[in-house]
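Visitor: If you scroll down you'll find the structure; I have some questions about it.
The values are calculated or read from the model by the stated rules, or taken from the named source; none is laboratory data. Source: prediction; values computed, not measured. Positions of Cβ are generated from backbone atoms using ideal geometry, with glycine treated the same way; all protein chains shown enter the neighbour counts. Please note that ligands, DNA and RNA were not included when accessible areas were found on the heavy atoms of the full protein model with its side chains. Shrake-Rupley method; radii C 1.70, N 1.55, O 1.52, S 1.80 Å.
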Amino acid sequence: MTLPAGGAPGTRAIWSWALYDWGNSAFATTVMAGFFPVFFKSYWAADVAATDSTLRLGVANAGASLLVVLLAPLLGTLADRGGMKKKLLFLFAFLGVLMSAALYLVAQGAWQLALLCYGLGIIGYSGGNVCYDALLLDAAPRHRLDRVSALGFGLGYLGGGLLFAGNVAMVNWPHWFGLADAASAVQVAFLSVALWWALFTIPLLLFVDEQRPAVAPPGLVRAVRGTFRQLLDTFRHLRRYRQVWLFLLAYWLYIDAVDTIVRMAVDYGLAIGFEASDLLSALLLTQLVGFPAALVFGRIGERLGPKRGIWIAILVYVLAVFWAWRLQQAWEFYALAVMIGLVQGGIQALSRSLYARLVPPARAGEFFGFYNMLGKFAAVFGPLLVGWVAVASGDSRAGILSLLVLFVAGAALLVRVDVAAGERAAARG
């Protein structure tokens with residue numbers, strides 16, 4: 001990938017920003033998508049029926065995401081008014097790191113405590129991403145937004161995948177690492193996530209220069225009060241940004257389905273009878289495929305436009321959901337993992353870069369607060385939908401099929417987004 005050789009922002013800022021994705025993606029991969037669903041079913045909630053544990057996991061995902069929904073606009077606006085993107089990112093990253101480490105200590109059968117640590121970890125992960133996404137405009141020039149956004153997701157897949165590969169090796173061959181058994185290896189994996197995430201947060205904190213507000217930032221109390229006033233003002237004036245609203249609605253729908261697949265795929269595989277080892281290996285395959293695929297989607301965004309790139313990804317997801325509904329053999333799960341890996345990072349990266357084109361730079365944190373709010377509100381509805389349909393029908397396959405509605409509706413709204421008009425409105429501020 002070719003990136004700017006100098007200037008402001010320069011190469012060091014770009015790579016330092018992207019390395020945060022390398023670090024915090026370990027939580028998304030090892031904890032959310034990988035070991036937590038497996039360990040929850042087999043260790044913390046071993047005596048609970050499969051459909052009931054799926055519902056409980058869905059409720060935990062939804063509850064944590066709902067809190068992020070409520071916090072995201074406030075965080076984004078506070079970050080803009082107070083020049084506090086990096087400070088807030090540090091606080092939420094610290095929470096996520098602490099909760100990842102805490103999972104190491106949760107005893108067998110203590111599913112309530114496990115869900116509490118998991119939920120708080122999601123809040124740390126998601127809250128940090130509100131500020132991280134907004135810092136894209138501080139780290140990258142506007143004509144490189146697609147590539148730099150894709151670089152972040154690409155490094156996220158690679159970094160998260162490398163740690164996850166080591167963790168899978170620990171679980172499969174615990175004695176090689178001096179561990180007693182697979183359960184001990186999973187607990188150590190949670191601890192490794194905390195260390196990995198903390199380490200790769202440091203470059204962003206040191207080398208990304210946050211653009212300061214035009215006026216001196218107020219004190220914290222005044223900033224919070226001003227934030228609430230500005231939120232009300234934003235709601236009143238968002239009518240000026242019609243393309244932002246249209247995109248946010250489309251994004252809310254299709255990313256709902258994407259995030260639900262990320263969080264519930266392993267649980268779904270367990271529920272329909274696949275072995276945990278196959279599911280974790282397939283998830284690792286998704287990560288490895290996702291790294292180069294995300295970079296390719298960055299080029300697609302530059303050549304065809306991010307909107308067309310998102311359409312391509314949605315089409316692939318629709319085909320994948322149909323396949324998952326009829327899934328029968330383990331090799332099919334591996335094939336689906338490759339299929340998802342080809343587009344998962346791409347749809348996330350191009351969504352972020354397309355949205356960055358539509359928002360006024362001076363209010364990037366505020367507008368990315370709404371972006372993350374809708375993304376996490378989608379993560380409230382999707383897991384609940386899958387869990388409820390699975391319990392109501394007695395069939396986990398019916399739950400996964402329900403995601404088609406969200407993909408199709410999101411694509412239909414995306415058609416109506418006029419990117420050129422949105423960019424003109426953003427330039428006017």
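Visitor: Residue separation times 0.36 nm, minus the C-alpha to C-alpha distance between Phe177 and Leu70: what's the value?
Guide: 34.3 nm
Visitor: While we're here: Would you kindly state how much longer the chain becomes between Asp418 and Arg326 on full extension, computed as 0.36 nm times their sequence separation minus their alpha carbon distance, in nm to one decimal?
Guide: 29.4 nm is the gain from fully extending Asp418 to Arg326.
Visitor: Here's a follow-up. Of the heavy-atom accessible surface of the chain (probe 1.4 angstrom), what whole percent is carbon and sulfur?
Guide: Result for the chain: 67 percent of the exposed heavy-atom area is carbon or sulfur.
Visitor: Just to check I understand the Karplus step: with θ = phi - 60° and J = 6.51 cos²θ - 1.76 cosθ + 1.60, what whole-Hz values come out for the range 353-359, glycine and proline as x?
Guide: Once θ is set to phi - 60°, the couplings for the range 353-359 become 6, 5, 5, 4, 5, 8, 9 Hz.
Visitor: With a 1.4 Å probe and all protein chains left in place, how much accessible area per residue does the chain have, in Å²?
Guide: Accessible area per residue: 39 Å².
Visitor: With a cut-off of 8 Å between alpha carbons and a minimum separation of six or more residues, what is the relative contact order of the chain in percent?
Guide: 29
Visitor: Work from the charge dipole of the range 45-144 (Cβ charges, +1 for Lys and Arg, -1 for Asp and Glu, about the Cα centre) and give the residue of Cys117, Val69, Val59 farthest towards its positive end.
Guide: Comparing the listed Cα positions along the dipole, Val69 ranks first.
Visitor: Let me ask something additional. Given charges of +1 on the Cβ of Lys and Arg and -1 on the Cβ of Asp and Glu, with all other atoms neutral, how large is the dipole of the range 272-399 about its Cα centre, in debye to the nearest 20?
Guide: Result for the range 272-399 is approximately 620 debye, rounded to the nearest 20.
Visitor: Another question, then. For the chain, with only Lys/Arg (+1) and Asp/Glu (-1) charged at the beta-carbon, what is the dipole magnitude about the Cα centre, in debye rounded to 20?
Guide: Using only the charged Cβ atoms, the result is roughly 1820 debye.
Visitor: Would you list, by chain and number, the aspartates and glutamates whose Cα falls below 17 Å from the Cα of Lys85, excluding same-chain residues fewer than 8 positions away?
Guide: Asp21, Asp133, Asp138, Asp209, Glu210, Glu366
Visitor: Additional query: Give me the distance in nm between label points sitting 7 Å out from Cα along the Cα-to-Cβ direction at Ile202 and Tyr334, one decimal.
Guide: 3.9
Visitor: Once R0 is set to 41 Å, what does the formula 1/(1 + (r/R0)^6) return for the Cβ-Cβ distance between Ala362 and Leu319, expressed as a FRET efficiency to the nearest 0.05?
Guide: Efficiency, rounded to the nearest 0.05: 0.50.
Visitor: Please enumerate, by chain and number, the aspartates and glutamates with C-alpha under 12 Å from the C-alpha of Lys307, excluding those fewer than 8 residues away in the same chain.
Guide: The reachable aspartates and glutamates, counting only those whose Cα sits under 12 Å from Lys307, are Asp146, Asp418.
Visitor: Right, next: I want to check the label-to-label distance for Asp395 and Leu98. Put each point 7 Å from Cα in the C-beta direction and report it in nm to one decimal.
Guide: 4.6
Visitor: Among the aspartates and glutamates, which have Cα under 15 Å from the Cα of Lys41 when same-chain residues fewer than 8 positions away are ignored?
Guide: Correct list for Lys41: Asp52, Asp267, Glu275.
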